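Below is one structure; the comments refer to it alone.
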Amino acid sequence: MKNKGGFTLIELVMVISIIAVLLMAVGLTSGIRENAKVHSAAESIKALRTAAESYVAFGNMTYNGISIDGLQMLGYLPSGFSPTGSNPWGGDYAIAPDPDANKVDIFLTSVSDYGAAMLSALFANSASATNYSSNTWTVTF
């Protein structure tokens with residue numbers, strides 16, 4: 001018999017199986033990374049909310065005039081909190097009074113669709129509203 005160069009059926013099945021397992025592993029780790037981003041953003045949102053509530057509790061009647069710089073200057077946020085390019089998706093954090101001055105809006109830019117959906121689900125019970133438009137996610141407290 002002549003020995004023909006090539007792969008056996010078993011070798012091909014093994015290679016395809018290995019590739020399939022690697023693709024599944026890559027898919028799983030990307031989901032884990034996105035969940036970690038959501039968790040990190042949620043913690044920052046909670047810190048901003050707490051700082052905003054402290055702003056009102058200690059002398060201000062409404063959220064008018066609130067800003068991240070002002071919250072840092074008053075000591076409600078750590079001075080190391082950076083609003084620019086620091087959210088887990090590489091976007092910005094911002095805080096502003098809602099049109100109803102008794103409420104505050106917190107904004108995150110450059111948020112993924114999945115991240116926005118997960119954040120909305122996380123804050124569904126505690127927020128007045130959430131909104132996602134043009135990669136900007138907003139929560140109102």
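General observations
- Selection within the range 108-141 - in contact with a Gly (Cβ under 9 Å, 6 or more places away or on another chain) and closer than 18 Å to A47 by Cβ: L108, T109, V111, W137
- Looking only at the range 79-96, residues that are touching a helix residue (DSSP H, G or I) at 6+ places or on another chain (Cβ under 7 Å) and assigned to a loop (DSSP other than H, G, I, E, B) come to 6 in all.
- Qualifying positions in the range 1-15 - surrounded by 10 or more Cβ atoms within 10 Å (Cβ to Cβ) and at pLDDT 80 or above: E11, L12, V13, M14, V15
- Filtering the range 51-72 to residues that are in contact (Cβ under 8 Å) with a residue 24 or more places away in the chain and of a type in the set (S, T, N, Q) leaves T62, N64, S67.
- Residue ID - nearest to the chain's Cα centre (by Cα), chosen from residues in the range 59-69 that are exposed (fewer than 15 other Cβ atoms within 10 Å of the Cβ), of a type outside the set (S, T, N, Q) and modelled with pLDDT of 90 or more: D69
- Single residue of the range 17-50 satisfying the filter (among the small types (G, A, S) and free of Cβ contacts under 8 Å to residues at least 40 places away in the same chain) that is surrounded by the most Cβ atoms within 10 Å (Cβ to Cβ): A47
- Residues (part of a loop (DSSP other than H, G, I, E, B) and buried (at least 17 other Cβ atoms within 10 Å of the Cβ)) located in the range 113-132: F123, A127
- Filter result for A96 (within 19 Å of W137 (Cβ to Cβ), among the aliphatic types (A, V, I, L, M), surrounded by fewer than 20 Cβ atoms within 10 Å (Cβ to Cβ) and at pLDDT below 95): no
The values are calculated or read from the model by the stated rules, or taken from the named source; none is laboratory data. None of these values were measured; they are calculated from a predicted model. Heads up, the Cβs are rebuilt from the backbone with ideal geometry, glycines too, and the neighbour counts pull from every protein chain shown.
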